[in-house]
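**Student:** A single structure is presented below for examination.
Only the coordinates and a few stated rules stand behind these numbers; no lab work does. Model, not experiment: these values are computed from the prediction. Glycine also receives a Cβ, built like all others from the backbone with ideal geometry; neighbour counts cover every protein chain displayed.
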Amino acid sequence: MPITLALSKGRIFDDTLPLLASAGITVLDDPEKSRKLILATNRPDLRVVLVRASDVPTYVQYGGADLGVAGKDVLIEHGEDGLYQPLDLKIARCRMSVAVRADFDYASAVRQGSRIRVATKYTQIARQHFADKGVHVDLIKLYGSMELAPLTGLADAIVDLVSTGSTLKANNLVEVEHIMDISSRLVVNQAALKLRREPVRALIDVFAKAVS
Ligand code: PRT
Ligand code: MG
């Protein structure tokens, strides 16, 4: 069995390719052109599987993949127990922020101790953030298009990822709090690390050299 690396289509795949390329590893199919979910590489002992970004930790945890690349946001939301995270790959960087409508006075809502309605896909991160600040919130779980929530009155605020800020701007939202910086991590299955130590270590080293 080749070593299996789990990636998600889009920015994680795109930003991981150059790291592999620095060790002469190339992926032989283009996920934007092919419908294949298992991609061969130029190394017979390494293959890539394509999964949803939020499924990467699950694949690695249960051994469906030996290694994977996942955003810190996804790892925190999934729960990090049992996942070895040897490297910050410093790719797909962004930040987790609180944003509100430009006409919503967040600071005074917090000062007055009002309950704030917060819509987010990132309920673990949001719950922890507001608990640390002692702010009372009602969390509303969404799966996408968080920016719409304050515009429709569904929520007062959102917790979402921001990179350029142009999505917030296009929807008249402003960032009021920076929760944490986010980047993607290499995650490794604990059993693979023991049972397939040599090839797994070799691939971790490939990534380590590419990052430093
Ligand atoms: O799309 P799917 O539901 O399958 O999963 P996903 O959305 O988690 O996957 P993907 O590929 O979109 O994101 C994978 C990882 O990339 C995330 O887990 C983050 O760690 C990281 N990342 C980096 C980002 C962004 N930058 C980012 N800007 N993930 C999402 N965004 C979104 C953000 O949610 C917002 O809607 O882009 C929008 C904001 O971008 P700006 O540039 O307008 O600020
Ligand atoms: Mg997405």
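**Student:** Could I have the simple spin-label model distance between Asp81 and Ala208, label points 7 Å from Cα toward Cβ, reported in nm to one decimal?
**Tutor:** That separation, rounded to one decimal, is 2.8 nm.
**Student:** Using helices alone, I'd like the mean residue ellipticity at 222 nm for the chain: each DSSP H run of four-plus residues gives -39500 (n - 2.57), total over residue count, nearest 500. Walk me through the numbers on the way to the answer.
**Tutor:** Numbers: 9 runs with 72 residues, N = 212.
For the chain, the value works out to -9000 deg cm²/dmol.
**Student:** Report the relative contact order of the range 94-181, percent, no decimals, based on alpha-carbon pairs under 8 angstrom and at least 6 residues apart.
**Tutor:** Working: 164 pairs, mean separation 42.6, N = 88.
Once divided by the residue count of the range 94-181, the mean separation gives 48 percent.
**Student:** For the Cα atoms of the chain, what angle does the longest principal axis make with the long axis of helix 123-133, in degrees from 0 to 90, nearest 10?
**Tutor:** 50 degrees
**Student:** How high is the relative contact order of the chain? Use alpha-carbon pairs under 8 Å, at least six apart in sequence, and give a whole percent. Mind dumping the intermediate values first?
**Tutor:** Values: 411 pairs, mean separation 59.3, N = 212.
The normalised contact order for the chain reaches 28 percent.
**Student:** Moving on. Classify the chain as rounded, prolate or oblate, taking a ≥ b ≥ c as the square roots of the eigenvalues of its Cα gyration tensor: rounded when a/c is under 1.5, otherwise prolate if a/b is larger than b/c and oblate if not. Intermediate results must be reported in sequence, preceding the final value.
**Tutor:** Working: a/c = 2.67, a/b = 2.13, b/c = 1.26.
Since a/c reaches 1.5 and a/b is larger than b/c, the shape of the chain is classed as prolate.
**Student:** Now a separate question. Under a plain spin-label model, where a point goes 7 Å from the Cα along Cα-to-Cβ, how far apart in nm are Tyr143 and Val174?
**Tutor:** Taking the simple label geometry, Tyr143 and Val174 are separated by 3.4 nm.
**Student:** Listing Ser163, Ser97, Ser184, Ser8 from the residue with the fewest other Cβ atoms within 10 Å to the one with the most, what is the order?
**Tutor:** Working: Ser163 12, Ser97 20, Ser184 29, Ser8 23.
Final ranking by Cβ density, sparse to dense: Ser163, Ser97, Ser8, Ser184.
**Student:** Let me ask something else about it. Do me a favour and compute the ellipsoid semi-axes for the range 94-181 from its Cα gyration tensor, root of five times each eigenvalue, largest one first, whole Å. Mind dumping the intermediate values first?
**Tutor:** Details: eigenvalues 61, 42, 32 Å².
Rounded to whole Å, the semi-axes are 17, 14, 13.
**Student:** Using the Cα centre of the chain as origin and beta-carbon charges of +1 (Lys, Arg) and -1 (Asp, Glu), tell me which of His129, Met180, Val27 is placed farthest towards the positive end of the dipole.
**Tutor:** Val27
**Student:** So, one more: Using a simple charge model, +1 on the beta-carbon of Lys and Arg, -1 on the beta-carbon of Asp and Glu, nothing else, what dipole does the range 86-162 show about its Cα centre, in debye to the nearest 20?
**Tutor:** Computed about the Cα centre, the dipole is about 180 debye.
**Student:** Turning to a different aspect of this structure: Over 20 Å between Cα atoms, which of Lys90/Lys194; Lys72/Lys121; Lys90/Lys209; Lys9/Lys90; Lys9/Lys33 qualify? Working shown, then result.
**Tutor:** Working: Lys90/Lys194 26 Å; Lys72/Lys121 14 Å; Lys90/Lys209 13 Å; Lys9/Lys90 17 Å; Lys9/Lys33 11 Å.
As for pairs spanning more than 20 Å Cα to Cα, those are Lys90/Lys194.
**Student:** Can you give the charge dipole size of the chain about its Cα centre, rounded to the nearest 20 debye, using +1 on the beta carbon of Lys and Arg and -1 on the beta carbon of Asp and Glu?
**Tutor:** On the way: 27 positive and 25 negative charges, 72 e Å.
For this selection, approximately 340 debye.
**Student:** Turning to a different aspect of this structure: Ala70's amide H: which non-local residues (gap 5+, or another chain) put their own amide H closer than 5 Å, with H modeled 1.01 Å from N in plane and none for Pro or chain starts?
**Tutor:** HN-HN under 5 Å from Ala70: Arg185, Val187.
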